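First comes the structure, then the notes that go with it.
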Amino acid sequence: MILLNPGPVNLSERVRKALLRPDLCHRETEFADLQQAIRDKLLDVYGLANDDWAAVLLTGSGTAAVEAMLTSMVPREGRLLVIENGVYGERMSQIAAVHGVDHERLPHAWDETIAVEALQTRLNASSGITHVAVVHHETTSGRLNPLAEIGELCKARNIALLVDGVSSFGAEDLAFDGWGIGACAATANKCLHGVPGASFVLVRRDSLRMARAPKRSLYLDLDNYCRLQDEGSTPFTHSVQTLYALNEALDELADEGGYRTRYRRYAELIGMVRAGLTALGIQALLPAEASSVVLNAFRLPRDFTYPQFHDRLKDNGFVIYAGQGNWVRTLFRVSTMGAVTRADLDRFLSVVAELVT
Ligand SMILES: *Cc1c(COP(=O)(O)O)cnc(C)c1O
């Protein structure tokens, strides 16, 4: 089955084989070495210095990393502004509400670009905001949000930018220092091509230090993870096999030429899909310039409900992804992450062509 959903992704054989390495106790030195290797490689993806930045490894899906980031980075005396233009931005407000993080929202419709001027006005008006949370690639629509501009506004005001980079880390540009990023949450099983179950937060060490006490969560306390992982330990049991796979996936990424090569590969593949579907009369939701290279959303072809279209494609070996909310009736999404080839997508496009013509 070819997975065109935004993670979990098709694994390469190299990463799949890594799952079969020897059983390992997470209190042994071999595990400490594995953990440290992964933490170093995660910083290496965007060339971050170990003195300023730390990669904190968690066992859990991408949402666990986002929840750990929001609950650990914003201190009790801090105030968070959450920018929303899709499901994942809205989820960050839900997380803040559940944990009683003092926050306000800057909501947008799901098909809207973030209004940077409105953000500027808001930041000028409310002096209490210490942190801004935003999704980099909003997977709801496939939109790549303007992090550089948002980061500039935050940096000028000494506000820490907290980024949900779950569906962009490893493929899209992320200027950690340049954009004033305080922390970025991501996962093993999207652009990094690992197995689901491991996620992580890249934190600026000084931003984390500012946020230490009191704790909002026991399990998702980034400061605790970071201190123990710096000592070669970790507070709780990790999904060891998942980390074997992540370590291998990070080696594979580096061997292939790093995130920029992955960006170009995704750009080529999603470009193929866009061009092919457009030629068949299937419209993209957003223009290419506004979209990530990771996933694009398309309008369902006439005469198909999503379940019908999905099932016919699945019969032919392809899994696409539904729209969320009301978009379940009008959209479908295609991602080209993972071990997917040009040949797979040629076949996908010819199956779609047969269905719609
Ligand atoms: C996939 C995704 C998440 C996390 O989803 P999980 O199911 O918890 O892994 C968070 N944010 C974005 C933008 C995503 O695409």
How far apart, in nanometres, would the label points at residue 290 and residue 24 be if each is projected 7 angstrom from Cα along the Cα-to-Cβ direction? 4.5 nm
So, relative contact order of the range 80-197 in percent, Cα under 8 Å, 6 or more apart, is 22 percent
If you filter the range 280-357 for trypsin sites (Lys or Arg not before Pro), then keep DSSP loop positions with at most 16 other Cβ within 10 Å, what is left? 302
Dividing the alpha-carbon radius of gyration of the range 180-281 by 2.2 N^0.38 Å, where N counts its residues, gives 1.42
Mind counting lysine pairs for me in the chain? Cα separation below 23 Å, and the two need to be 8 or more apart along the chain or on different chains. 4
Could you give me the ³J(HN,Hα) list for the range 317-326, computed from phi with Karplus coefficients 6.51, -1.76, 1.60 and θ = phi - 60°, whole Hz, x at Gly and Pro? x, 10, 9, 9, 10, 6, x, 9, x, 5
Applying the Karplus parametrisation 6.51 cos²θ - 1.76 cosθ + 1.60 with θ = phi - 60° to the phi angles of the range 174-190, what ³J(HN,Hα) value in whole Hz is obtained for each residue in order, glycine and proline being reported as x? 9, 8, 4, 6, x, 9, x, 6, x, 7, 9, 9, 7, 9, 6, 9, 10
For the range 1-55, take every pair of Cα atoms, bin their distances at 10 Å starting from 0, and report each bin as a whole percent. 19, 31, 38, 12, 0
Using 0.36 nm per residue of separation minus the Cα-Cα distance, give me the extension gain between residue 268 and residue 177 in nm, one decimal. 30.0 nm
Name all residues of the range 155-173 having a backbone nitrogen under 17 Å from the label point set 7 Å from the Cα of residue 120 along its Cα→Cβ direction, giving them as ranges. 155-159
Computed from the mean reciprocal separation of all distinct C-alpha pairs, what Kirkwood hydrodynamic radius does the range 63-122 have, in Å? 12.0 Å
In the chain, what percentage of the DSSP-assigned beta bridges are antiparallel, given to the nearest 5? 55 percent
How big, in percent, is the set of alpha carbon pairs in the chain lying more than 39 Å apart? 14 percent
If every Lys and Arg gets +1 and every Asp and Glu gets -1 at its Cβ, then about the Cα centre the chain yields a dipole, in debye to the nearest 20, of 560 debye
Of all DSSP beta bridges located in the range 136-234, what percent are antiparallel, nearest 5? 65 percent
Counting other Cβ atoms within 10 Å, which trypsin sites (Lys or Arg not before Pro) in the range 108-178 have at most 16 and lie in a DSSP loop? 157
If amide H atoms are modeled at 1.01 Å from N in the peptide plane, then the residues at a separation of 5 or more from residue 104, or on another chain, having amide H under 5 Å from its own are 80, 81, 82
DSSP beta bridge pairing in the range 42-168, given as percent antiparallel to the nearest 5: 15 percent
Let me have the relative contact order for the range 178-259, percent, based on Cα pairs under 8 Å that are six or more residues apart. 31 percent
Theoretical gain in end-to-end length, residue 343 to residue 219 [0.36 nm per residue, Cα-Cα removed]: 40.3 nm
Cut-off is 10 Å between beta-carbons; in what order do 210, 92, 69, 1 appear when sorted fewest neighbours first? 1, 210, 92, 69
Qualifying GluC sites (Glu not before Pro) for the range 171-263 [loop in DSSP, other Cβ within 10 Å: at most 16]: 231
When Rg is the radius of gyration of the Cα atoms in the range 1-108 and Rh is its Kirkwood radius, what does Rg/Rh come to? 1.05
Orientation-averaged projected area, Cα convex hull of the range 110-239 (nm²): 9.1 nm²
Need the C-alpha centroid separation for the range 75-104 versus the range 241-274, integer Å. 31 Å
For residue 148 and residue 205, extending 7 Å from Cα along the Cα-Cβ vector and measuring point to point gives, in nm, a value of 3.0 nm
Among 88, 225, 72, flag the residue with its Cα farthest along the positive direction of the charge dipole of the chain, charges on Cβ as +1 for Lys/Arg and -1 for Asp/Glu. 88
Considering every pair of different Cα atoms, what Kirkwood radius, in Å, is found for the range 60-185? 14.2 Å
If you average 1/r over every pair of different alpha-carbon atoms in the range 266-313 and take one over that average, what Kirkwood value in Å do you get? 11.4 Å
222 nm mean residue ellipticity, helices alone, for the chain (DSSP H n ≥ 4; -39,500 (n - 2.57); rounded to 500): -12500 deg cm²/dmol
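Coordinate-derived values only; no laboratory data. Because the structure is a prediction, the values reported are computed rather than measured. In this analysis, Cβ positions are derived from the backbone assuming ideal geometry, glycine residues included, and neighbour counts consider all displayed protein chains.
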